[in-house]
Each structure stands twice: as structure tokens, then as C-alpha cells.
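Take a look at this one; I'll ask things after.
The values are calculated or read from the model by the stated rules, or taken from the named source; none is laboratory data. Remember, predicted model here, so these are calculated numbers, not experimental data. All Cβ positions, even for glycine, are placed from backbone atoms using ideal geometry, and neighbour counts span all protein chains on display. The accessibility values were calculated without ligands, DNA or RNA, using every heavy atom of the protein model including side chains. Shrake-Rupley method; radii C 1.70, N 1.55, O 1.52, S 1.80 Å.
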Amino acid sequence: MTNNTKIIYEEKLKSLAEKYESQGFHVLTGLKTDELPFDLGNYQPDLIVTKNNLGFVIEIRTSLSRISVERLQALAEEVSKYPGWRFLLVTLEDIEGKSLPGTSEKLILWQELTDQFVQAHKLLENDEVEPAFLFLWSIFEGALRKRAIDVLIPIERFPVIGLIRHLYSLGELSISQFDLAQACLEVNNRLAHGYIENINLPFVHNFDNLVRELLTGWKVEFDVSQLSSEGLAAFHTWFAEFYTASLDKQLALMTDLINKSLLLGLESNGNLINEKLKKELNVNDEQVINVELEVSQLSPQNLAAFRIWFAEFYPAAWDKQIEKDVTQQETLLSITGSPTLEPLTDLDPWIQSLIGVIQLGEENTTENYVDYLEEKYG
């Protein structure tokens, strides 16, 4: 680090620390690895700030160049294991924000982005090409930043060119998506700086399709990741049936989901519905039903991509749940001094669904489960 860079870094560190302190945060700097609130290996952050049940592990960079995003993503994943904690990367090239990193910044929700996309698409249908393009670009950029947060890649404050490049390098964008995003970025930059740009309709249609594809895929993955362990187990059972079903069977399953969704809507509005159907349907199932409906309406291409993602996600979520259960059991044992046994019927449905796998006694249950998914899904 040159003297000039070091001065810039120290000024940024001091300024950031003072801003957090002014908002009531407890700020720690210069911590050694063994002084951190949890084990991060040999990593030494620039700042640790805490307030109530909120904590940030912060790294400051004076430049975006030579940043190993894979390493930072691994750190973000490790920090996220601790409730209330988040890893933040701050650089001098951050987008301008009115608030401190992590404090009150709120990105738009997936459903809001989807609703905006419908409006932008209507503009395009009415041949309002330039307004449609600019609207689509704002949705696209919002989706990139939201996706970065969802998958714990700490680059949501980067300029959009950095966002595009890093998401591409980490496999979040395909090469064709990356090329189109680069071309659209050039057009957007020219329009933003007041230059006249003759945008042809097929080009904007291609961008419209790209935004639709990303929104659809990223939203459904996020919604699945937000399911409870019980809901995720129920979704997994449904998806195994849906994916391997014939087209006619898939249509029947989709129709059933639509009917259930409508019934849940009636129930939530206080309207009377058929008592038999009411008994069969639990309003608490609404989140699972909505996710199943989203997945059932994916295009064949997006459904195939979702299958690959889910085959990796589900065993990982399963492992995390086991780790959580083990931690809870160890805490219970430390309090009671002896194990407490529950009848199988009293266990969480998620745990019941795993008993058979655990009893196999294999050395690598995750690999076994991946094999099972491959067999189940075809």
C-alpha cells in the first residue's frame, strides 16, 4: 500500500467509524483474530460495529481492482451463520447512499420488481421503446443488487459494471446474458449523458426477455430459500412428483394449486368456503402453495435450471438444519445434563423425513442424497 493509498484508507476508516458511532454503534478497530466475536480463521476485519442485536464485520478497500470476490463471499457466508451478523465490503467506489452501509438501506423486493416489470413490458407493447428500455434498466440493476445480497456476494454497493462482471465471473450470469448486459449498459450510459440513441425494437425485446428470465429464476429461488424446514420438506415432496410427471399430470397439479390459492384468498378475506375443502386446507400452507405455483409456471428452460439449483440447495439446507438441531441439543444437554427423548410422532416433520437417511449409517449422507435426487428427478 503506497503512502497516498494508506492515507486515503485511514481517512475512510476514521470517517466510517465516526459515522457509526454517531448512530449509537459500538465500534472496534484493530482487532486480532483471537479477539473477534467468532472464529474467522486468519481473517482480520477493518471494523467491527455492534448495536443491540445487530453486528457488522466490515472490510474497507480503496479500489475495486484485485478483489477476490470468491474469498469475500466465503467470509460473508461464515458471518451470516451467526444471527444478526452481516459482512460488508466498503470501497471508495461505492454507489452513493444516504445511509451507512447495512443500517437502513432497503433494496426493492422481488415482488415489487416483478410488478414494475409488468409496467415496463406494457410500455414496450405500446412501442414506447426508449421509456421501456430505461425502465427495464432500473429493474435490471435493482435485480442485480438484490441477487448479490441473496447469495451473500458483498458487492451490492458496487457500480453496475462491477456488479455485472462479478456476477458473471461467479456464474450468476451466462456468457450470452453477460454480453447483452454489456451492450445494454453502453446504450444506457449514452442515454444518461444526453446523447441521442436510436434503439431498435428487437434489441429492447431481447433485453425484456433477459430481465424476465432473471427475475423469474432469482425470485423463485429466493422464495424457496425462505420456506420453513417443514415447508421446504413439503415442497421437496411436491417437486419430485411434479418434475417427473407427464404433461397432463403437471397441468392437473397446476390446476389444483390454482384452486388452492384461490381458496386461501377467499379464506384470508373472511369469506365462507366449502367446509370440506376448508378442513383439507391450512391457511399456513399459503407460502408453500404460492412457491409451488411459481415453480409450476416456469418455462421448460427455467424449470430445468431450477432443478439443478434445487438439487444443490436442498442437501445444503438439510445439512444446515442438522447443524442447528445438533447445536440446540447440545445447549439442552448443557442445561439438563441428560438427553430428552421424544416419540417420533412428536418430532418436527422435517426431522421425521430425515430419520430414514440418518439410520442408513453411511459415511457421506450428502452424496447419498444427491444420488437420490438424481434418481428421483430422472
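Mind listing the Cα extents of segment 35-86 along all three principal axes, in Å, largest one first?
Cα spread of segment 35-86 along its principal axes, largest to smallest: 34, 19, 18 Å.
Rounded to the nearest 10 Å², what accessible area does E18 have for a 1.4 Å probe in the complete protein model?
In the full protein context, E18 sits at about 100 Å².
For segment 50-169, take the convex hull of the Cα atoms, compute a quarter of its surface area, and give me that in nm², please.
Numbers: hull surface 33.9 nm².
Projected area, direction-averaged: 8.5 nm².
S63 to N209: extension gain in nm, 0.36 nm per residue of separation minus the Cα-Cα distance?
49.2 nm
Tally Lys and Arg at +1 and Asp and Glu at -1 over the other residues with C-beta under 11 Å from the C-beta of D223: what net charge comes out?
The answer is -3.
In whole Hz and in residue order, list the ³J(HN,Hα) couplings for segment 180-190 that follow from phi through the Karplus curve 6.51 cos²θ - 1.76 cosθ + 1.60, θ = phi - 60°; x for Gly and Pro.
Karplus values, whole Hz, x for Gly and Pro: 5, 4, 4, 5, 5, 4, 4, 5, 4, 5, 5.
Can you pull the semi-axes for segment 1-79, root of five times each eigenvalue of the Cα gyration tensor, sorted largest first, whole Å?
Calculated on Cα positions only, the semi-axes equal 20, 19, 11 Å.
Over all directions, the average projected area of the alpha-carbon convex hull for segment 220-267 comes to how many nm²?
3.9
What is the distance, in nm, between label points placed 7 Å from the Cα along the Cα-to-Cβ direction at L54 and at D127?
It is 5.0 nm.
Right, here's the next one. Which loop chymotrypsin sites (Phe, Trp or Tyr not before Pro) in segment 151-216, with loop taken from DSSP, have no more than 16 other Cβ atoms within 10 angstrom of their Cβ?
Taking segment 151-216 and a limit of 16 other Cβ atoms within 10 Å, the loop chymotrypsin sites (Phe, Trp or Tyr not before Pro) found are Y195.
Continuing with the same structure: So which chymotrypsin sites (Phe, Trp or Tyr not before Pro) in segment 1-84 pass both tests, a DSSP loop state and at most 13 other Cβ atoms within 10 Å of the Cβ?
Values: sites: Y9, Y20, F25, F38, Y43, F56; in loops: F25, F38, Y43.
Loop-located and lightly packed - F38.
Using only the alpha-carbon atoms of segment 171-251, report the extent along each of the three principal axes, biggest first, to the nearest angstrom.
So the extents along the principal axes, rounded to whole Å, are 53, 30, 19.
Sort largest first and round to whole Å: the equivalent ellipsoid semi-axes of segment 130-196, each the square root of five times a Cα gyration tensor eigenvalue.
On the way: eigenvalues 94, 32, 21 Å².
Result for segment 130-196: semi-axes of 22, 13, 10 Å.
Any chance you could run the full-extension gain for R190 through A311? It's 0.36 nm times the residue separation minus the Cα-Cα distance, nm to one decimal.
Length difference between fully extended and current span is 39.4 nm.
Ignoring ligands, DNA and RNA, please state the percent of accessible area on segment 20-97 from carbon and sulfur, probe 1.4 Å. Don't skip to the answer; put the middle values down first.
Working: 1860 of 4250 Å².
Carbon with sulfur: 44 percent of the solvent-accessible area.
Further, regarding this structure: Rounded to the nearest whole Å², what accessible area per residue is found for segment 50-195 with the 1.4 Å probe?
49
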